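For reference, the structure is listed below as structure tokens.
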Amino acid sequence: MNAALRRSDFVRLTASFAGSLVLVAGADGCSKPSQTQQDFAANGGFSPNVWLSVRPDNTITFVINRSEMGQGVMTGLPTLLAEELDVPLSKVTIEVAPPEPSYLYPGQKEMNTGGSTSMRDSWLPLRQAGAIARAMLVQAAAKQWGADPSTLRTNAGTVVDASGRTATYGSLATAASQLPVPQNVALKSPDKFTLIGKTTVQRPDIPSKVNGTAKYGIDVVVPGMKYAAIARCPVFGGKVKSFDASKAKAIHGVTGVVQVPTGVAVIANNTWAAFQGKSALVVEWDEGPNAHLNSEDMFAEGQRFARDPSKGVVALQRGNVKGVNGKAIEGMYLGPLLAHAAMEPENATADVRADSVEIWAPTQAQTRALRRTMKITGLPAEKIAIHTTMLGGGFGRRLQSDYIEEAVEVSKAIGAPVKVQWTREDDTQHDFYRPMSVNAIAAVLDESGRIAAMTHRIVAEATGREYRPKQFGQAHGIDGSALRGISDAPYDLANYTVIYIEKEYGVPVGSWRAPDANWNTFVVESFMDELAHAAGKDPVEFRLAHLQPESPASLALKSVAQRAKWGERQSGIYQGAAIMVWNGSTGALVADVSMNGKTPKVHHVTAVVHIGTVVNPEIVIAQVRGAINFGLSAALTGKITVKNGRVQQANFDTYTVLQMADAPSIDVYALPSQDHPTGIGELGLPGIAPAMGNAIFAATGKRVRRLPFSDSLA
Amino acid sequence: MVTLTINGEQHKLDVPEEMPLLWVIRDVVGLTGTKFGCGMALCGCCTMHIDGQAMRTCVLPASYGSGKKITTIEGLSPDSSSALQKAWIAEQVPQCGYCQSGQLMAASALLAQNPRPSDADIDNAMTNICRCGTYESIRAAIHRAAGSADKAVQ
């Protein structure tokens with residue numbers, strides 16, 4: 001194949017290497033050597049771990065096992081290696097690993113990127129990998145110079161002795177490769193960090209993102225490659241009954257039409273011809289059992305289920321909610337389906353040959369794509385190469401491999417490499433949506449205005465069925481992930497019952513940034529506000545009264561209230577507060593909102609997060625801002641509706657998203673901590689909709705229990 | 001046959017006249033820095049300069065470009081040295097980066113017409129969509145570039 005199309009061209013960020021030495025092996029010291037390691041070993045190379053290599057020409061390469069989709073893993077994870085190895089990040093080449101077992105951390109089963117886990121999972125293994133390599137390079141220098149290693153130090157890719165004599169890591173690489181790999185090497189103490197927590201670290205992927213050279217999935221070109229677009233049944237689960245391709249084949253540039261499992265694929269010499277051909281297809285569909293699916297019926301059924309005491313299983317129980325007397329408050333909250341609408345419409349390129357497969361894709365789920373490709377082609381894992389490109393957004397959509405499977409199917413069918421490109425309409429109408437959710441929530445306040453009992457009945461489709469079928473089955477219908485934002489909400493509730501009612505409607509669902517918490521938090525934090533007002537208390541004080549003092553949630557809420565000047569009224573501006581949790585991370589935010597008639601505007605948001613050690617402060621700010629804007633976009637106008645089994649939205653005119661003029665200024669603060677980092681890609685999202693709804697209540701007295709706001713306030 | 005002048009270079013292309021400029025330039029010419037986002041001129045990923053105007057090329061036929069000067073992100077500067085590109089790096093604007101070619105081309109056209117835009121000017125001119133939510137950084141980078149442009153003049 002064309003040398004210009006190796007994996008490295010899509011993921012490598014600096015110059016290529018020529019040399020013979022790699023420091024490679026699992027951080028646990030027992031991983032199977034990767035193919036790269038074996039190649040280098042054959043050339044007399046050496047391997048303390050798979051995550052980094054130092055070559056005689058001073059080329060340093062880091063490998064990360066996560067996909068860069070904007071969240072900054074190409075900066076954050078290399079920072080961990082660079083900190084302990086003691087090299088400037090700007091001198092390092094960064095690659096994304098293939099989905100091979102040797103590139104998984106101990107305990108990790110699949111290569112994927114999601115759940116704000118990258119930093120949490122990498123924090124120790126990558127620092128250890130860097131520290132081990134550094135210790136070996138120091139040892140090599142000590143041997144060469146006849147010095148005591150404890151008298152040597154390192155500085156920016158060199159070993160230095162007391163007299164100032166230096167040796168570059170590259171010059172020591174061959175000697176280091178002869179040394180045994182130490183099992184235990186001390187990590188730097190936080191006061192010695194020069195990169196972790198510093199604002200001086202620049203993202204290495206940014207230069208390529210301001211001049212058009214960054215390579216996304218859509219930019220892949222393989223010699224002899226065809227372009228394809230696929231007509232899929234507009235009704236979920238429908239199939240092709242028959243089709244007439246004569247008009248499509250008459251389009252200039254169309255070279256063929258083939259049926260694949262998801263529909264009819266038009267093959268062409270360029271993307272536009274494929275799109276034109278797809279539009280010209282005449283397909284008769286067998287629409288299947290979902291042809292009568294309507295979202296209003298789904299909401300009605302969800303509400304029936306939410307009210308029916310015979311439905312559901314107890315997912316969480318504390319104390320006893322029965323027989324608790326006091327002031328009763330209840331609300332029914334309705335959350336719509338949502339599409340991801342990443343800027344890069346789905347695409348993948350596949351080259352299926354008789355004995356091997358090569359795939360280039362913007363994917364969050366390499367192992368899943370690998371397994372599905374094995375199933376489609378019957379080939380073993382070692383015959384399938386998956387190259388991860390840059391991702392033009394992920395947000396959970398690219399945890400699915402449907403669009404990669406399509407490329408494999410089409411390439412297999414036509415016997416040539418092919419890029420399958422989705423249109424924006426395809427992307428909006430064939431998503432794995434944020435599930436619809438119906439919530440009946442009720443509480444009793446005692447005489448002092450404290451919550452004496454709370455009951456939360458959730459009717460939602462389980463994303464766990466798709467991702468964790470075995471655990472889902474074993475849990476007797478409780479989808480643990482469906483309770484995020486509820487089961488880990490920080491409030492002290494002595495009498496609390498959560499009932500989960502799994503409802504499969506027939507709409508494909510999946511992870512959508514801060515899965516489940518992105519909706520559940522709206523319910524919990526809006527309802528906390530309802531209770532505060534019913535109790536006649538300040539909403540921040542009411543929350544604090546139900547939190548453990550000095551807990552992360554309490555500290556974050558107090559801090560954000562102070563920073564946002566909570567309670568100091570400005571003319572025409574109303575404030576709402578919310579607490580948010582995600583996968584071990586905790587935060588709180590305050591939204592400053594004004595009303596222009598029935599239209600809310602968020603002017604400013606203040607957010608405080610508690611995420612353990614902050615590795616890159618700028619990326620933390622960027623991620624919180626991005627997550628808030630993503631959540632705000634959905635809260636303002638986001639909804640996918642279904643009529644006769646078809647998604648009614650298609651492009652950005654009907655599925656509208658946030659633009660510059662509506663984006664608030666956002667201040668982000670992280671509480672100081674030296675704890676193990678948690679994650680930041682999602683935490684900022686769940687709080688914005690409830691904070692905004694609470695501010696709207698403060699402004700108008702109207703409680704919004706159904707999103708988006710544009711519908712509820714109309 | 002359509003003849004296009006892209007980043008100062010002339011290309012004679014055997015493409016249908018109605019083929020959108022975006023796809024001609026991406027798939028036929030091979031300059032992939034400009035992105036496809038919606039196909040309806042709604043998102044701005046495909047923004048190029050045509051005779052200095054920021055235009056959304058996913059809906060512009062190839063024939064529209066003939067005889068005009070077309071600039072893509074690859075032609076914004078030879079070495080990422082424009083004030084805007086430097087500002088984009090200084091403010092660390094891109095996250096996923098997919099929309100940023102279009103954002104930069106839109107911002108560049110804005111500054112060419114309005115060297116010191118106000119926040120309201122930026123709101124009006126910058127309607128390109130960013131799903132990563134980098135708007136605040138884009139705004140800061142435009143102000144930064146506008147400031148540096150002024151300094152250069154002084």
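When a footprinting reagent is the concern and you count Cβ atoms within 10 Å, what order do A:Glu358, A:Glu447, A:Glu405 take, fewest first?
On the way: A:Glu358 20, A:Glu447 9, A:Glu405 23.
In increasing order of surrounding Cβ atoms, one gets A:Glu447, A:Glu358, A:Glu405.
Using a Gaussian network model of chain B whose springs link C-alpha atoms within less than 10 Å, name the residue from B:Gln95, B:Gln53, B:Gln103 with the highest mean-square fluctuation.
Per the Cα network of chain B with a 10 Å cutoff, B:Gln95 tops the list.
Quick check on chain B: what are the equivalent-ellipsoid semi-axes from the Cα gyration tensor, as sqrt(5λ), descending, whole Å? Before the final figure, lay out the partial values.
Numbers: eigenvalues 146, 54, 34 Å².
After scaling each eigenvalue by five and taking roots: 27, 16, 13 Å.
Can you work out the Karplus-derived ³J(HN,Hα) for every residue in segment B:89-106? Use 6.51 cos²θ - 1.76 cosθ + 1.60 with θ = phi - 60°, whole Hz, and x for glycine or proline.
6, 4, 8, 6, 5, x, 9, 5, x, 4, 7, 6, 4, x, 4, 5, 5, 5
Of all DSSP beta bridges located in the protein assembly as shown, what percent are antiparallel, nearest 5?
On the way: 94 of 125 bridges.
Roughly 75 percent of the beta bridges in the protein assembly as shown run antiparallel, per DSSP.
So which lysines can A:Lys558 reach, going by Cα to Cα under 24 Å and dropping same-chain residues fewer than 8 places off?
Within the straight-line limit of under 24 Å, A:Lys558 reaches these lysines: A:Lys537.
Rank-order A:132-145, A:374-387 by packing density, defined as the average count of other C-beta atoms within 10 Å over each peptide's residues, highest first. Before the final figure, lay out each step's value.
Numbers: A:132-145: 22.0, A:374-387: 16.6.
The packing order, highest mean first, is A:132-145, A:374-387.
For chain B, with a Gaussian network of springs between Cα atoms less than 10 Å apart, report the residue from B:Pro20, B:Pro117, B:Pro78 with the top mean-square fluctuation.
With Cα springs under 10 Å in chain B, the top fluctuation among B:Pro20, B:Pro117, B:Pro78 is at B:Pro78.
How much of the DSSP beta bridge set in segment B:2-75 is antiparallel, as a percent to the nearest 5? Before the final figure, lay out the partial values.
Working: 12 of 14 bridges.
Beta bridges within segment B:2-75, antiparallel portion: roughly 85 percent.
Counting only pairs 8 or more residues apart or on different chains, how many lysine pairs in segment A:296-427 have their Cα atoms under 21 Å apart? Mind showing how you got there, number by number?
Values: A:Lys311/A:Lys322; A:Lys375/A:Lys383; A:Lys375/A:Lys412; A:Lys375/A:Lys419; A:Lys383/A:Lys412; A:Lys383/A:Lys419.
Close lysine pairs under the 21 Å cut-off: 6.
Can you tell me which of B:23-29, A:85-91, A:625-631 comes out highest on packing, and rank the rest after it, using the mean Cβ neighbours within 10 Å? Working shown, then result.
On the way: B:23-29: 23.6, A:85-91: 19.4, A:625-631: 28.9.
Top to bottom by mean Cβ count within 10 Å: A:625-631, B:23-29, A:85-91.
Would you look at the GNM of chain B, springs on alpha carbons closer than 10 Å, and say which of B:Thr57, B:Thr72, B:Thr127 moves the most?
Sorting by GNM fluctuation, first place goes to B:Thr127.
What number, in percent, do you get for the relative contact order of segment B:2-75 if the mean sequence gap of Cα pairs under 8 Å and at least 6 apart is divided by its residue count? Can you show the working numbers first?
Numbers: 146 pairs, mean separation 29.7, N = 74.
For segment B:2-75, the relative contact order is 40 percent.
Sort out for me the Cα centre separation of segment B:74-130 from segment A:343-400, rounded to whole Å.
Distance between centres, Cα-based: 33 Å.
Given 10 Å bins starting at zero, what is the percent of C-alpha pairs of segment B:73-154 in each, up to the one with the largest pair distance?
Computed distribution, short to long bins: 19, 58, 22, 1.
Count the net charge of all other residues whose Cβ sits under 10 Å from the Cβ of A:Ala564, scoring Lys and Arg as +1 and Asp and Glu as -1.
Values: positive: A:Arg563, A:Lys565; negative: A:Glu568, A:Asp592, A:Asp667.
Taking every other residue near A:Ala564 into account, the sum is -1.
Give the aspartates and glutamates whose C-alpha is closer than 18 Å to that of A:Lys109, dropping any in the same chain fewer than 8 places away, or say none.
Within the straight-line limit of under 18 Å, A:Lys109 reaches these aspartates and glutamates: A:Asp28, A:Glu100, A:Asp121, A:Glu382, A:Glu466.
Give the average, rounded to an integer, of partner chain Cβ atoms located within 10 angstrom of each Cβ in A:649-661. Provide the component values of the computation, followed by the final result.
Working: counts 0, 2, 6, 8, 3, 1, 0, 2, 6, 5, 9, 17, 8.
Whole-number average of other-chain Cβ neighbours for A:649-661 is 5.
Which far-off residues, 5 or more places away or on another chain, put their amide H under 5 Å from the one on A:Asp286, with H placed in the peptide plane?
Amide H neighbours of A:Asp286, under 5 Å, 5+ apart: A:Lys239, A:Val240, A:Lys241.
What percent do you get for the relative contact order of segment B:83-153 when only Cα pairs under 8 Å and 6+ apart count?
Values: 59 pairs, mean separation 35.4, N = 71.
Once normalised by length, the contact order is 50 percent.
Whole-Hz Karplus ³J(HN,Hα) for segment A:660-666, in order, using 6.51 cos²θ - 1.76 cosθ + 1.60 and θ = phi - 60°, x for Gly and Pro?
Calculated HN-Hα couplings, in order: 3, 4, 9, 7, x, 6, 9 Hz.
Give a quick list of GluC sites (Glu not before Pro) in segment A:544-619 that DSSP marks as loop, anything other than H, G, I, E or B, with at most 14 other Cβ atoms within 10 Å.
Working: sites: A:Glu550, A:Glu568, A:Glu618; in loops: A:Glu550, A:Glu568.
Hits after loop and neighbour filter: A:Glu550, A:Glu568.
Taking a cut-off of 35 Å, what percent of all Cα-Cα pairs in the protein assembly as shown are separated by more than that? Before the final figure, lay out each step's value.
On the way: 194713 of 376278 pairs.
Here the long-distance tail beyond 35 Å is 52 percent of all Cα pairs in the protein assembly as shown.
So what is the relative contact order of chain A, in percent, for Cα pairs below 8 Å that sit 6 or more residues apart? Walk me through the numbers on the way to the answer.
Working: 1631 pairs, mean separation 94.7, N = 714.
Once normalised by length, the contact order is 13 percent.
Going by how many other beta carbons lie within 10 Å of each one, how would you line up A:Ser310, A:Ser295, fewest first?
On the way: A:Ser310 5, A:Ser295 19.
The fewest-first ordering by Cβ neighbours comes to A:Ser310, A:Ser295.
What whole-number distance in Å separates the alpha-carbon centres of segment A:263-320 and segment A:642-683?
Value for the Cα centre distance between the two parts: 22 Å.
Quick one: of A:Lys565/A:Lys601; A:Lys247/B:Lys12; A:Lys215/A:Lys247, which pairs are farther than 26 Å apart, Cα to Cα? Please report the intermediate quantities before stating the final value.
Values: A:Lys565/A:Lys601 19 Å; A:Lys247/B:Lys12 28 Å; A:Lys215/A:Lys247 34 Å.
Over 26 Å apart, Cα to Cα: A:Lys247/B:Lys12; A:Lys215/A:Lys247.
In nm, what is the difference between 0.36 nm times the number of residues separating A:Ala328 and A:Asp492 and their Cα-Cα distance? Don't skip to the answer; put the middle values down first.
On the way: separation 164, 0.36 × 164 = 59.04 nm, distance 1.83 nm.
Gain on extension, A:Ala328 to A:Asp492, equals 57.2 nm.
Values in this text are rule-based calculations from the coordinates and carry no lab data. These numbers were taken from a predicted model, which means no experiment stands behind them. Every residue, glycine as well, gets a Cβ built from its backbone with ideal geometry; the counts of neighbours run over all protein chains shown.
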